[in-house]
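Asker: Pasting a structure here, questions to come.
Laboratory data are not the source of any read-out in this text; all were calculated from the coordinates shown. Because the structure is predicted, anything quoted here is derived from the model rather than measured. Because the Cβ atoms are built from the backbone with ideal geometry, glycine has one as well, and the counts that use them run over all protein chains shown.
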Amino acid sequence: MALLTPKDLININKQLQEADSTVQRVTGLDIKGICKALYGTSPSSEKVGIVPVTSGNGIIGNFSASLHAITQYFGFESFVTDMPDVSGYYEAVRDGAEIILMADDYTFLAHNLKNGKMANNQPCTGIIYAEIASRYLKAYSKDVFVVGLGKVGFPGAAHLVQKGFRVYGYDPDENLIQRAVSNLGVIPFNPEKPKKFSIIFEATPCANTIPESVLSENCVLSTPGIPCAISEELQTKYDVQLVAEPLGIGTVSMLYSVL
Ligand code: NAI
Ligand code: PYL
Ligand code: MG
């Protein structure tokens, strides 16, 4: 998995505020409103325990502090445990956490200890970014371009298909395209046959993955991918509505999905 760096998480509150106002402008709902519409849930004072994890590549500077800021931003009571790992888990449960948030290099989970529900960050991130894209108020058709069909992109593509969108998919991995075609009915995007879109959802770990030929004026690009999929130059040239944020939108999607 492509791991976050402390630099990605600098000024997480400002990044969240900016993402929230873009989501509001693009969809007419703020991020909490999107979550409520998506999962049909609302928080009722659940306490979130955040457990730092040292295994693998270890602690990511700013990661637990960012989860603390994110949960508070969305109105959850939360705390970071003093100890990491098993001792931190013990501390979280002992001190009244109802939902545990913790991540190693492969899995970032939310586990609601009261109702047993558990969420994984990758599908929850794909689904909420796809949902935001699908709600673009100025979309001119039901065609969506999905770039990257991996652990985040595939569930996002599945969500868009389920919502009745015509999904064009691209990934350099031919096996992933075939899986999306046979399991979801995704239409393989042919880079030789350019087509413009008003809705684009991207989930890759690479920069500059969106060819200029697919961009229409004022299109929405909803992307959890790090680094950003589009250059500032192209974003400005096409007045692209960019929804991109490194951790918070996916995290709040996980939390609402386990309520
Ligand atoms: P993955 O490795 O499972 O999938 C990425 C896919 O992108 C691969 O299938 C790869 O073949 C494809 N790809 C690479 N270059 C491409 C290109 N030029 N055009 C089209 N497809 C291309 O990775 P995963 O787990 O799906 O994560 C994707 C990105 O999302 C990563 O950057 C990850 O860090 C980020 N992420 C961000 C989150 C957030 O909250 N903002 C949460 C979770 C992941
Ligand atoms: C959750 C993110 C989104 C993108 N990549 C994923 C990632 O960086 N995962 C690793 C998280 C490790 C956290 C570390 C800590 O500080 O507790 N174990
Ligand atoms: Mg996010």
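Asker: Select, from 205, 191, 172, 211, the only residue that is in contact with a strand residue (DSSP E or B) (Cβ under 8 Å, 6 or more places away or on another chain) and farther than 27 Å from residue 28 by Cβ.
Answerer: Values: 205 fails: in contact with a strand residue (DSSP E or B) (Cβ under 8 Å, 6 or more places away or on another chain); 172 fails: in contact with a strand residue (DSSP E or B) (Cβ under 8 Å, 6 or more places away or on another chain); 211 fails: in contact with a strand residue (DSSP E or B) (Cβ under 8 Å, 6 or more places away or on another chain).
When all the criteria are applied, what remains is 191.
Asker: Quick check, is residue 181 over 26 Å from residue 258 (Cα atoms), hydrophobic (A, V, I, L, M, F, W, C) and crowded, with 23+ Cβ neighbours inside 10 Å?
Answerer: Numbers: over 26 Å from residue 258 (Cα atoms): yes; hydrophobic (A, V, I, L, M, F, W, C): yes; crowded, with 23+ Cβ neighbours inside 10 Å: no.
Here the answer is no, as residue 181 does not meet what is asked.
Asker: Tally time: how many residues in segment 235-254 are closer than 23 Å to residue 2 by Cα and more than 12 Å from ligand 3 (Cβ to nearest atom)?
Answerer: Counting residues in segment 235-254 that are closer than 23 Å to residue 2 by Cα and more than 12 Å from ligand 3 (Cβ to nearest atom) gives 1.
Asker: Can you list residue pairs whose Cβ atoms sit under 7 Å apart, with the first residue in segment 216-240 being touching a residue at least 60 places away in the same chain (Cβ under 8 Å) and the second being surrounded by fewer than 24 Cβ atoms within 10 Å (Cβ to Cβ) and acidic (Asp, Glu)? Count only pairs 6 or more apart in sequence or on different chains.
Answerer: Short answer, once both residue conditions are applied: 218/239; 226/8.
Asker: Considering only segment 249-259, how many residues are among the small types (Gly, Ala, Ser) and either over 12 Å from the mean Cα position of the chain (by Cα) or more than 7 Å from ligand 1 (Cβ to nearest atom) (or both)?
Answerer: 2
Asker: Right, another one. Just one of the numbered conditions (1) in a helix (DSSP H, G or I); (2) away from ligand 1 (no atom under 15 Å from the Cβ); (3) farther than 25 Å from residue 7 by Cα; (4) not β-branched (Val, Ile, Thr) is not true of residue 131; which one?
Answerer: The single condition residue 131 does not satisfy is (2).
Asker: Also, I was wondering about something else. Look at segment 211-240 and say how many of its residues are buried (at least 24 other Cβ atoms within 10 Å of the Cβ) and part of a strand (DSSP E or B).
Answerer: So the answer is 4.
Asker: For segment 78-121, give me the residue count where each residue is away from ligand 3 (no atom under 16 Å from the Cβ), in contact with a helix residue (DSSP H, G or I) (Cβ under 8 Å, 6 or more places away or on another chain), in a strand (DSSP E or B) and not aromatic (Phe, Trp, Tyr).
Answerer: 5
Asker: Out of 142, 196, 138, 163, which single residue is surrounded by fewer than 24 Cβ atoms within 10 Å (Cβ to Cβ), farther than 26 Å from residue 39 by Cβ and away from ligand 2 (no atom under 16 Å from the Cβ)?
Answerer: Unique residue meeting the criteria: 196.
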